[in-house]
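See below for the structure under consideration.
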Amino acid sequence: MEGSESASDKQRPWQSYHTVYTNAKAGMEGVDKEKVQRVVYEMSKGSKYFENEERKEAFIRQKIEHMRVRAAKLSAADLSHYQKVAEKRILELEATRELSRIWLHVDMDAFYAAVETLSNPSLKGKPMAVGSMSMLSTANYEARKFGVRAAMPGFIARKLCPNLIFVPTDFNKYTYYSGLTREVFRNYDPNFLAASLDEAYLDITRVCKERGITGEEIAEELRSRVHEETGLTCSAGVAPNRLLAKVCSDINKPNGQFVLPNDRMAVMTFISSLPIRKIGGIGKVTENILKGVHGISTCKEMLQKGSFLCALFSRSSADFFLSVGLGLGGTDTPEARFRKSISSERTFSATEDAALLYQKLADISEMLSADMQKEGLSGRTLTLKLKTASFEVRSRAVTLQKYICSSDDILKHASNLLKAEFPISLRLIGLRVSHFNVDKGDIPVDPTQKTLTKFLIFGDYPKRTGDDQSSFGSDLSDLHFMNEKETSISLDSHRTGHYEFGAPFERNHLLDIDDSNCISYENACEMDKTGELFSHKTAATVKTDDVEERSAKSPKKELSRVSEDDSSVQRESEDSNTDRSNKESSASGNEDDHKLFWVDDYKCSLCGTELPSSFIEERQEHSDFHLAERLQEEESGTGSNALIPRQRVMPKEYVGNQNRRKKHKPSPAKVKHLPIESFFAKKSGQKL
DNA sequence: GCGGATCAC
DNA sequence: TATGGTGATCCGC
């Protein structure tokens, strides 16, 4: 709390080394925190990493000090003004309170570790962690007793717990078991939100009503069904909104649940003593700032210090903090979103050898390009991320005139960005592409395109009423629940599980519609990315526009000036846009291929699926799918592995489970003539 | 639009 | 020996 070094810091310097993993977590109750803290400090001390952490800490202390000064400078008039502002905002927020919905958050217990124990029962009862000597994904509860936990480097964990068993991550196992849990979830809310492989949010309002039972009973039943289906335990939280449900699921972890009734008083009581760090979106830094500047450590104090919050933070931040104080957050049904960027990065042993660094850059370009091709993405902003040998992170970006996706294009521009940084010693290089051309998909000839797209892709699940916070609350709900990232800590070894089929999610989901409850293991991976993630989607652009409008800072209408380096503007004879999978299909004229698919400008010549010519994106994706299929066949014929889904083999340990899978998701070829109307039928006829 | 930072998993 | 990878958002230029 105190900004400067105290006497005890000098005697016990580890006390001032703040790490993310000293934060209390489930299963860490009986841990000797002091000892853990000391060991972590001792193991880290003197390293480059440690020095960087100290720099960052110092910077935050400075920031806090600066904010304190600003707060102290507020005049009485200022304060009274902001007090009124805060009171008004609190009233407005309170008016959005929604207590008619019941949300359930499920969180698998030590998921990766539990799955590993399932496939190797001899691990049972022994301290074990999933990950490497460099970094752990998670630890089982036996290991947590020693202070070992996720995000901790393995070599420190081993110091804390010399008998710790290390198990390498096997992402496919987790994806498979995640699929099993999701089949259970689907029975309670077909539109549940998957937050990650091991977490999900379910709106159980309807199922409670239909069956005339309480949220508590649903939670019990759901957890036991998850256990029956997977052999894994999970914890659940039931509350009137997602933010609270998430907090609740943590309370009786592992293998427990906690129910917060839909009652305003209950919510306020619950929230009042709750440490702010428990709230999703408030991390180590925000906690430090709120505590250091305003002495805030519980949610209740957010309201008490409302005037300061309104005075010192942006409107959206202040709104978020105040709503936390009120126990609001996430009762609407967020619709699906499209990804906004795609990236690839790798850590390696630090080097300043330019040739080596360029080689790394080329590798990353290849990986990124391959990922982009798989999803049919191309974008016009390229961002280079660097981490120096001293752990300093930098980024450099260009926005180009044309959309790029080939590794050559990526490498060309990335090299220009990197060139300017020499000499430099790096331990990480990353590349990200954003500003996709697909989100320009609003231009289609047919103005209803957007609606239709969403509808086709997502089956247009029944809209729920009671969208609170619609006026400004997008900020609030947006802070959470949009992240469907796999959380694997994947080192160079595996690009597993992700988007295996090279099929954009839209198409997969479209095909899913006919068979939505049946996921085969082979398709479980894509289901991850394609199903839940994007099945609750709405125009993210609406929100973005809203925000930009409100902040109204920069004149948006400036001419599209491009910051592309002029050297690279050399136009090769580019046939504009259809270059998505150019690299892969270089042998055969790609553009022609796309045209060939559509017989009479209506039907797919390969599988009979009908798509009117105005369904531009859908057609593109559909064609891409067939192309990808063909490429896979070709590639497997030649024995190259480049495009072959690597994880389609059922690992031996769950061969027995395979029978549970009812059906396979049909490939386009199996869907024989899926008429347009059937999509509409699904819309209204969606059951459960 | 860029770059730094924070956060979640 | 050794401290990850992916994606999103926000803020201040």
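All but one of (1) touching a strand residue (DSSP E or B) at 6+ places or on another chain (Cβ under 7 Å); (2) surrounded by 18 or more Cβ atoms within 10 Å (Cβ to Cβ); (3) of a type outside the set (Phe, Trp, Tyr); (4) not in a loop (DSSP other than H, G, I, E, B) hold for A:THR175, so report the exception by its number.
Answer for A:THR175: the failing condition is (1).
Among the residues of segment A:350-370, write down those that are within 14 Å of A:SER406 (Cβ to Cβ) and open to solvent by 20 Å² or more (accessible area, probe 1.4 Å).
Residues satisfying the conditions are A:ALA362, A:GLU366, A:MET367, A:ALA370.
Could you run through segment A:275-316 and say how many residues are within 21 Å of A:VAL247 (Cβ to Cβ), within 12 Å of DNA strand C (Cβ to nearest atom) and part of a loop (DSSP other than H, G, I, E, B)?
Number satisfying all stated conditions: 3.
Can you work out which of the residues in segment A:417-435 that are of a type outside the set (A, V, I, L, M) and within 12 Å of DNA strand B (Cβ to nearest atom) is surrounded by the most Cβ atoms within 10 Å (Cβ to Cβ)?
Among them, the one singled out is A:GLY430.
One line per residue, one yes/no per condition, for (1) acidic (Asp, Glu); (2) over 23 Å from A:PHE348 (Cβ atoms); (3) away from DNA strand B (no atom under 16 Å from the Cβ); (4) touching an Asp or Glu at 6+ places or on another chain (Cβ under 7 Å):
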| position | (1), (2), (3), (4) |
| --- | --- |
| A:LYS124 | no, yes, yes, no |
| A:PRO127 | no, yes, yes, yes |
| A:MET133 | no, no, yes, no |
| A:LYS145 | no, yes, yes, no |
| A:MET152 | no, no, no, no |
| A:ALA157 | no, no, yes, no |
| A:LEU160 | no, yes, yes, no |
| A:PHE166 | no, no, yes, no |
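Within the set of pairs 6+ apart or on separate chains, which have a first residue in segment A:183-199 that is more than 16 Å from A:PRO334 (Cβ to Cβ) and part of a loop (DSSP other than H, G, I, E, B), a second that is of a type in the set (A, V, I, L, M, F, W, C) and within 14 Å of DNA strand C (Cβ to nearest atom), and C-beta atoms under 9 Å apart?
Note: pairs meeting the criteria are A:LEU197/A:PHE111; A:LEU197/A:PHE171; A:ASP198/A:PHE111.
So which residues in segment A:382-405 are touching a residue at least 40 places away in the same chain (Cβ under 8 Å) and surrounded by fewer than 18 Cβ atoms within 10 Å (Cβ to Cβ)?
A:ALA389, A:SER390, A:GLU392, A:THR399, A:GLN401, A:LYS402
Taking segment A:261-310 on its own, how many of its residues are closer than 25 Å to A:ARG101 by Cβ, without any contact (Cβ under 8 Å) to a residue 40 or more places away in the chain and not hydroxyl-bearing (Ser, Thr, Tyr)? Step through it out loud before you land on a result.
From segment A:261-310, those closer than 25 Å to A:ARG101 by Cβ are A:261-274, A:276, A:278-282, A:299-300, A:302-303; that's our starting set.
From the residues that got through so far, the ones that are without any contact (Cβ under 8 Å) to a residue 40 or more places away in the chain too are A:261, A:265-266, A:269, A:272-274, A:278, A:299-300, A:302.
Keeping just the survivors that are not hydroxyl-bearing (Ser, Thr, Tyr) gives A:261, A:265-266, A:274, A:278, A:299-300, A:302.
The qualifying residues number 8.
Pick from segment A:307-349 the residues that are of a type in the set (Phe, Trp, Tyr) and under 30 Å from A:SER369 (Cα atoms): which of them is most open to solvent (accessible area, probe 1.4 Å)? Please lay out each step first, then the result.
Going through segment A:307-349, the residues of a type in the set (Phe, Trp, Tyr) turn out to be A:308, A:313, A:320-321, A:338, A:348.
Still in the running and under 30 Å from A:SER369 (Cα atoms): A:338, A:348.
Details: A:PHE338: 88, A:PHE348: 25 Å².
So, considering only residues that are of a type in the set (Phe, Trp, Tyr) and under 30 Å from A:SER369 (Cα atoms), the one most open to solvent (accessible area, probe 1.4 Å) is A:PHE338.
Just give me the residues in segment A:27-80 being within 10 Å of DNA strand C (Cβ to nearest atom) and of a type in the set (Lys, Arg), in sequence order.
Hits for segment A:27-80 are A:LYS45, A:LYS48.
Could you check, for segment A:202-216, whether at least one of its residues is surrounded by fewer than 24 Cβ atoms within 10 Å (Cβ to Cβ), farther than 18 Å from A:LEU99 by Cβ and in contact (Cβ under 8 Å) with a residue 60 or more places away in the chain?
No, the conditions are met nowhere in segment A:202-216.
Going by the conditions given, is A:GLU94 more than 16 Å from DNA strand B (Cβ to nearest atom) and open to solvent by 40 Å² or more (accessible area, probe 1.4 Å)?
yes
Which of the residues belonging to segment A:23-49 are away from DNA strand B (no atom under 14 Å from the Cβ) and surrounded by 16 or more Cβ atoms within 10 Å (Cβ to Cβ)?
A:GLY27, A:MET28, A:VAL31, A:VAL36, A:GLN37, A:ARG38, A:VAL39, A:VAL40, A:TYR41, A:MET43, A:SER44
Please name all residue pairs, on different chains or six or more residues apart, with Cβ atoms under 8 Å, provided the first residue is in segment A:34-59 and is assigned to a helix (DSSP H, G or I) and the second residue is of a type in the set (Asp, Glu).
A:SER44/A:GLU53; A:ASN52/A:GLU392
The values are calculated or read from the model by the stated rules, or taken from the named source; none is laboratory data. This structure is a prediction, so every number in the text was calculated from the model and none was measured. Note that we place each Cβ from the backbone using ideal geometry, even for glycine, and neighbour counts take in every protein chain shown. Side chains included, ligands, DNA and RNA excluded: accessible areas come from the protein's heavy atoms. Shrake-Rupley method; radii C 1.70, N 1.55, O 1.52, S 1.80 Å.
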